[in-house]
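Chemist: The structure that follows is given in the form of structure tokens.
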Amino acid sequence: MIYDIGVIGLGVMGTNIAKNMSRKGFKVVTYDFFDDVRKNRMNELKQENVDIAASLESFVNDLKKPKNILMLVKAGEVTDQTIEKVAPLLERGDTLIDGGNEQYENTRRRNIELTEKGINYIGMGVSGGEEGALNGPSLMPGGQKKAYENVRNIFEKIAAKADDGKPCVTYIGNDGSGHYVKMIHNGIEYADMELIAESYFFMKHALKMSNDEMSDVFSEWNNGELNSYLIEITAEILKFRDEEGNYVLDLILDKAGQKGTGKWTGIEGLKLGIPLSLITDSVFVRCLSSLIDERALISEAYPSEMGTVEADKEAVLEDLKNALYISKLMCYSQGFRLLKEASDIYDWNLQLGEISMIWRKGCIIRAHFLEKINQAYTNDPGLTNLILDDFFKEIVTENQQSLRNIASSAIKNEIPMPAFLSAVSYFDSMKQKRVSSNMVQAQRDYFGAHTYERVDKDGAFHTDWF
Ligand code: 6PG
């Protein structure tokens, strides 16, 4: 048989994407370097008309030309090793696609190395977890455009479909841009999750709400402008009980894991000099959460009790909802600002509106709100910052007082809400024509003669301060 596409790596993601492709009518052959993995997946894949090749050679040989292979293996070294084994079997014009959560610099490097051999290399962000892989992920492919055209039909068929029927996949740009966009997606995911977690914490402590009450509030929010997958699953999580009737959430240790994409996003913000405080703070909260023993010591040294907010509960909840909305907007404005910068610096010509459109379904940050981001970039493709768009300006103007109310209430009541505080600080700093950095410049010049610029004339100046 001659196959349309090959999938290497029979972990859950590879298996599910292969099934998804087969269900859409494509002939799919798969391979895994481990004999036991191939054996274990045999029956399951057979039922889905997906073949497993007995050797890497036959896997590659039986592919339709130009050959297209999607790798779903561990990022980093394992991907390099996989390429080392597969590339020698390919011919000029064939394409290797990496669907892992890979660092974009690795993808750039591999793209250059393989291009020298005439092989195309696509780094493709895949979001939506195992369920998305099976039923429709959001896909972010970057690499040679002509190579993407060869697999476009397959990816458009397997991707999630937005409500208007459009597939949640689009060509992103050259070399590592697909993985870069996925990295930013994950950075936003971190902040989105953190803001929701802080909202839950505020309800639980400041408003003393029960899990079921909180679940109802999140469900209600999910019907409005906050509608999103993450809000939806939060409502489910809050009310979920185990066989003994215990809320599972209350049994989960408050120590958040991370695989690195949030950290990479933060590093990239620092590298390009773009404020990304909501995302970096969300990464740091995960780090802080892991310092369990240290937190225990400090909590003993500084005993405190989180206070209760004595105000009309409905009004506070309305503030919290508005504060969450505007903070989420600040997070997206930071994430898209970084995308804009990266697009210019790496020469990717990223279509920010289209990127927001392919996140409408399938991915973890899928949300109603993303349509509005597309609208903002349609109105002004060169938009510097999302909060300058008229629609978002109205939301920020209307809701900023709610954010201030929640942020000050959090501080007064000792409720940790770093992402919300970050949102208000970012906004307050960005809306000042002049910030306090004239003092920093003066200090730098004072102790190090680093010079400064002036508000009234051009040039570099130094003062003899002593
Ligand atoms: C997705 C997710 C996915 C994965 C995260 C988890 O878009 O499907 O982002 O890629 O769940 O990488 O990341 P952490 O383990 O770092 O939270």
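The values are calculated or read from the model by the stated rules, or taken from the named source; none is laboratory data. As the structure is a prediction and not an experimental result, all values here were calculated from the model. We place every Cβ from the backbone using ideal geometry, glycine too, and count neighbours over all the protein chains shown.
Chemist: Just one of the numbered conditions (1) closer than 20 Å to VAL28 by Cβ; (2) within 16 Å of the ligand (Cβ to nearest atom); (3) buried (at least 21 other Cβ atoms within 10 Å of the Cβ) is not true of GLU130; which one?
Modeler: Failed condition: (3).
Chemist: Consider only pairs whose beta carbons are under 6 Å apart and that are at least six residues apart or on different chains; among these, list those whose first residue lies in segment 112-138 and is part of a helix (DSSP H, G or I) and whose second residue is within 16 Å of the ligand (Cβ to nearest atom).
Modeler: GLU130/VAL12; GLU130/ASN16; GLY132/GLY362; ALA133/MET13; ALA133/ASN16; ALA133/ILE17; LEU134/ASN16; LEU134/ASN20
Chemist: List, please: which pairs have Cβ atoms under 9 Å, are six or more places apart or on different chains, and start with a residue in segment 48-60 that is touching a residue at least 12 places away in the same chain (Cβ under 8 Å) and surrounded by 12 or more Cβ atoms within 10 Å (Cβ to Cβ) and end with one that is acidic (Asp, Glu) and assigned to a loop (DSSP other than H, G, I, E, B)?
Modeler: ASP51/ASP62; ILE52/ASP32; ALA53/ASP62; VAL60/ASP94
Chemist: Name the one entry in LYS166, LYS204, LYS157, LYS208 that is at positive phi and either within 16 Å of the ligand (Cβ to nearest atom) or more than 20 Å from the chain's Cα centre (by Cα) (or both).
Modeler: Working: LYS166 fails: at positive phi; LYS204 fails: at positive phi; LYS157 fails: at positive phi.
Every option except LYS208 fails the conditions.
Chemist: Would you point out the residue of segment 105-125, among those that are hydroxyl-bearing (Ser, Thr, Tyr) and more than 16 Å from the ligand (Cβ to nearest atom), that is farthest from LYS65 (Cα to Cα)?
Modeler: Within segment 105-125, the match that is farthest from LYS65 (Cα to Cα) is THR115.
Chemist: Search segment 74-111 for residues being hydroxyl-bearing (Ser, Thr, Tyr) and part of a helix (DSSP H, G or I), and hand back the single one that is farthest from TRP264 (Cα to Cα).
Modeler: Within segment 74-111, the first condition is being hydroxyl-bearing (Ser, Thr, Tyr), and the residues that meet it are 79, 82, 95, 104, 107.
From the residues that got through so far, the ones that are part of a helix (DSSP H, G or I) too are 79, 82, 104, 107.
Working: THR79: 18, THR82: 23, TYR104: 10, THR107: 14 Å.
Restricting to residues being hydroxyl-bearing (Ser, Thr, Tyr) and part of a helix (DSSP H, G or I), the top hit is THR82.
Chemist: If I filter segment 133-146 down to residues being within 9 Å of the ligand (Cβ to nearest atom) and within 24 Å of ASN174 (Cβ to Cβ), which single residue comes out as surrounded by the most Cβ atoms within 10 Å (Cβ to Cβ)?
Modeler: Within segment 133-146, the match that is surrounded by the most Cβ atoms within 10 Å (Cβ to Cβ) is PRO137.
Chemist: Suppose we filter LYS19, LYS39 for residues that are in a helix (DSSP H, G or I), of a type outside the set (A, V, I, L, M, F, W, C) and touching a residue at least 60 places away in the same chain (Cβ under 8 Å); which single one remains?
Modeler: Numbers: LYS39 fails: touching a residue at least 60 places away in the same chain (Cβ under 8 Å).
Matching residue, one of LYS19, LYS39: LYS19.
Chemist: For segment 241-269, which residues satisfy the criterion of being under 15 Å from LEU338 (Cβ atoms) and either more than 16 Å from the ligand (Cβ to nearest atom) or not assigned by TED's automatic domain parsing to the domain that holds TYR200 (or both)? Break it down stepwise before answering.
Modeler: Pass one, segment 241-269, residues under 15 Å from LEU338 (Cβ atoms): 261-269.
Across segment 241-269, the qualifying residue is only GLY269.
Chemist: Among (1) acidic (Asp, Glu); (2) within 24 Å of LEU139 (Cα to Cα); (3) in contact with a Phe, Trp or Tyr (Cβ under 8 Å, 6 or more places away or on another chain), which single condition is ASP62 missing?
Modeler: (2)
Chemist: Output the number of the condition that LEU272 fails; it satisfies all remaining conditions of (1) closer than 25 Å to ALA407 by Cα; (2) touching a residue at least 12 places away in the same chain (Cβ under 8 Å); (3) more than 16 Å from the ligand (Cβ to nearest atom).
Modeler: It is condition (1) that LEU272 fails.
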